Structure formats: C-alpha cells, structure tokens
Amino acid sequence: MVSDVAYFFGGPLAISTFVLGAAGNLYVFQRMGFPLERIFGTKEGEVPSAGGVAAFAGLLFILLGVLYEAFRRHDVLLMAQHHELVLVFYCLVVLLLIFAPFDILHRRFRHFLGRKLYKCLFPFTWQGSATLRLPLTETPFVEVFLADGLTSMSKVFHDIAVGVLMLMESIDGRETIMYTSKMKRHPMPYLCAAMPYLIRATQCLISYKRAPLANDKFLHLLNTFKYGTGLCVIFVGALPAVLGASPATTSFFVLDGQTMFLLAACCNSLYSLFWDVVMDWGLGQPEAEARYLRHPLLYRRPVVYYVAIGLDCGLRILWATSNWAWVDIVGAEFKVVMEVAEVLRRCMWNCLRVEWQCVKLGLDLLKPVSPPLVRGGKTKNSNDRLDVLHEMPRSPTSVVIRNLADEDDAPLLHHQPLSPRKLKHTADELVA
C-alpha cells in the first residue's frame with residue numbers, strides 16, 4: 001500500500017513544482033521574445049512576470065514545508081489522526097490564493113486564468129434558456145494549452161478526490177474498509193483522473209466540427225484517439241479495483257487485467273510520444289538541412305531539441321512502466337517521483353509547444369536573437385509590423401523610404417501629399 005506521505009504530499013509537491021515550472025516557462029518565453037499576447041490572446045498587463053510566479057511558487061513550497069513539519073512531528077492533533085487533512089487544506093489554500101477577489105498576486109492574470117479554465121470545463125454556450133450550442137470556431141490555443149497541462153495533473157486530481165472522500169467519511173464518524181484502503185474501490189477518484197482527458201477529447205471534437213479543411217478534421221480525430229488511449233489506461237486500471245478483483249485474475253477476453261493495463265499504457269505512451277515530437281513540436285522533418293528536426297529553430301542549438309526528444313521518450317516510457325511489479329522494490333514513494341517527473345516533462349513540453357506555435361503563425365520575435373535583416377514584401381496584415389526595423393540604425397533616407405512603403409506609418413503622406421518632383425528634391429537634400 002502506498003504510504004500516507006506519497007498520497008498526501010505527492011500531489012501538493014507536484015502542484016508547487018508545476019507553478020515553479022510555469023515561472024521557468026515565462027522566463028524562457030520572455031527571454032526569447034515570444035509575443036505572448038498574440039499567442040495566448042491576452043491583453044496588455046495580463047501576462048505576469050516570471051519573478052512574480054516564482055515568488056508564488058516559493059510561497060507554496062513554504063506552506064508545504066510547514067504542513068510536512070506538522071505532519072512529521074504530530075504538532076496538530078487533528079492532522080495526526082486524519083492525514084488527508086494535509087492535502088485538503090493545501091488545496092483550499094491554493095484555490096483561495098488563485099481565485100481570491102483581492103488585488104494581490106496579479107489579479108488581472110488570475111481573472112484571465114479563471115475565465116479560460118471555465119471555458120475548458122464548459123466550452124458550450126446557451127441558446128435561449130435550455131439549449132446548448134457548440135462554439136462557432138475551433139478551440140483557441142490558450143484553452144488547448146491549459147487543458148494539456150491539466151492532463152499532466154491527472155494523478156494529482158485522483159489523490160485530491162481520495163483525500164476529500166476520506167475526509168467526508170471522517171466527518172461522518174465512520175471509517176470503513178474504503179477509508180483504510182484509501183478509496184481504492186470508489187469510482188470517483190478514477191473519474192477525477194479521467195476528467196482532463198475528457199476535456200481535451202471534447203475540445204478535439206469541437207475543433208473537428210468547426211475545422212474548415214478536411215485535413216484538419218482528420219488530425220483532430222487522430223488527436224481525439226490519442227486522449228481516448230489515455231482514458232483506456234484509466235478504465236483498464238480502475239475496473240479491477242472497483243470490482244474488487246485482483247488484476248492478475250481479472251479476465252478481459254483472453255488477457256488478464258495487468259497485461260491489458262500494460263498494453264494500454266504502452267500504446268498511450270508511444271502514441272503520445274509521436275504526437276509530442278511531430279505534431280506538438282513540429283519536429284521529425286526528414287529534410288537534409290533540418291536534420292530530422294525542422295526549419296527554422298528559434299532556440300538555434302539543435303542539441304536542445306535532441307535532448308528534449310530523449311527526455312520526453314524516457315519519461316513517457318518510465319510512466320508506462322511505473323505500475324510494473326519491479327516498482328515495489330523501489331518503494332512506495334516512487335509514486336511521488338512519477339508525479340513530479342510528469343510535471344517537469346510538461347514544463348519542458350511547454351517551451352517547445354509555444355515555440356512551434358510562434359513558428360506556425362509566422363510571428364516576429366519581440367527581441368531578435370540575431371542581428372535583424374531587412375525583410376522584403378508586404379506584411380501579412382496591419383498588425384504584423386516589421387518590428388526588427390525599429391532596432392536598426394536608420395539614415396534619414398531610409399526613414400523617408402519606409403514611410404512611403406508603409407501607409408500605417410506614413411502620417412506625412414496622409415496630411416501632405418508629395419509630388420514626385422518634390423519627393424526627389426527632399427531625398428536629394430537629405431542625402432546631401
């Protein structure tokens with residue numbers, strides 16, 4: 001049986017690590033100059049600073065350390081008797097800090113995050129008083145990004161549900177076999193673990209319905225199937241526990257439950273690994289100049305992408321084998337290691353996923369990582385400025401030429417039309 005430390009501290013440790021990883025992601029995004037407002041659809045002032053998120057993560061680690069010290073020394077009598085209070089109290093504090101109405105901890109970002117999480121949970125709109133309607137467009141990238149992050153917290157949601165159910169039994173004054181076995185036979189924890197996959201599958205089906213191209217519809221179906229394999233892993237693992245049978249004796253047609261679980265886990269891990277590398281990161285292109293990566297690479301160094309692929313592969317395989325019998329030799333706390341390792345993998349995934357989104361949309365970096373070059377041709381739209389030109393030293397002649405080439409930045413042309421003769425005379429004076 002997994003120890004109380006693994007059950008009631010693994011989830012909080014994973015949550016705190018996730019917030020700290022988000023601070024690291026923001027630091028990388030801002031250092032690289034990714035236009036987060038255009039990628040995530042945020043407004044000015046809604047994107048927090050990396051330092052602010054790191055400070056929030058530090059606050060959560062301090063809270064977790066205080067709870068662990070009280071748990072270890074039995075300083076709080078009620079917590080010593082009911083260990084699930086550690087997890088429930090921690091989650092209540094985190095929810096209070098995130099959704100508090102006070103003007104602290106970057107309230108504008110917290111409101112933005114709350115709105116998008118609500119859209120993830122309930123993406124439909126009401127038509128009239130009793131009719132639900134699908135969104136008119138494909139699922140926005142920010143909602144997909146958040147829901148993908150929730151899938152890495154699947155086991156954390158399972159533990160939270162276990163803690164809440166155990167606390168409810170403690171309040172009722174009854175501690176049945178369900179309590180001592182940590183709700184192993186209760187279906188609610190497995191439903192909570194499956195919720196992130198159901199959210200992403202729903203988003204994929206909505207995008208399939210609203211996608212204009214047949215190729216995009218096909219890709220959304222393949223993505224839905226990927227999350228379906230994740231649901232299969234949870235279902236196959238939960239069924240023997242809910243039925244009260246041993247996985248080795250539970251028969252699914254011709255295979256026992258444990259073998260079915262391992263097959264489902266391996267299928268999901270390999271499918272997810274392929275999707276991460278090829279679809280979410282845009283890598284694996286066989287062109288000679290791409291070296292089985294892609295072009296362009298905003299992080300510049302190809303070794304970054306090879307290391308990321310290797311780590312993603314290793315952690316995916318490790319997760320698939322985390323329920324094999326040999327794990328019992330390592331110890332029950334291996335569950336905590338797996339939860340934190342999955343969160344760290346997701347933080348690494350975020351860096352390449354946002355980079356690939358920036359490349360797909362053709363967005364210019366806010367701070368060029370190399371000396372800017374003058375780019376020819378027209379811009380894609382009025383908002384797609386050649387911002388790199390603002391960083392270049394310009395002669396007066398280049399200023400006049402740029403004002404003539406871009407109507408949005410040519411106030412002189414709007415108010416004082418110049419004849420060709422006067423224009424040539426002005427340019428000759430500036431050159432002189």
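For the reader, a short list of remarks on this structure follows.
- Taking the Cα centre of region 258-364 as reference, the dipole from Cβ charges on Lys and Arg (+1) and Asp and Glu (-1) amounts to some 180 debye.
- Heavy-atom accessible surface of region 3-96: percent carbon and sulfur, 1.4 Å: 69 percent
- Placing unit charges on the Cβ atoms of the charged side chains and taking the dipole of region 258-364 about its Cα centre, the candidate lying farthest along the positive direction among 290, 262, 337 is 290.
- Exposure check, 1.4 Å probe, all protein chains in place: residue 20 carries approximately 80 Å² of accessible surface.
- Rounded, prolate or oblate (a/c below 1.5 giving rounded, otherwise prolate when a/b exceeds b/c) for region 66-156 by Cα gyration tensor: prolate
- Backbone geometry of region 140-146 corresponds, through the Karplus equation with coefficients 6.51, -1.76 and 1.60 at θ = phi - 60°, to 3J(HN,Hα) couplings of x, 4, 5, 6, 5, 4, 5 Hz, x marking Gly and Pro.
- Largest-first ordering by accessible area, 1.4 Å probe, given options 271, 118: 118, 271
- Measuring against 27 Å, Cα to Cα, the residue pairs 335/360; 119/209; 119/182; 217/335 contain 335/360; 119/182; 217/335 as the ones spanning a longer distance.
The values are calculated or read from the model by the stated rules, or taken from the named source; none is laboratory data. Since the model is a prediction, treat every value here as computed from it, not as a measurement. Note that each Cβ is placed from the backbone with ideal geometry, even for glycine, and that neighbours are counted across all protein chains shown. Ligands, DNA and RNA are stripped out before the accessible areas are found, and what is left, the full protein with its side chains, is counted by its heavy atoms. Shrake-Rupley method; radii C 1.70, N 1.55, O 1.52, S 1.80 Å.
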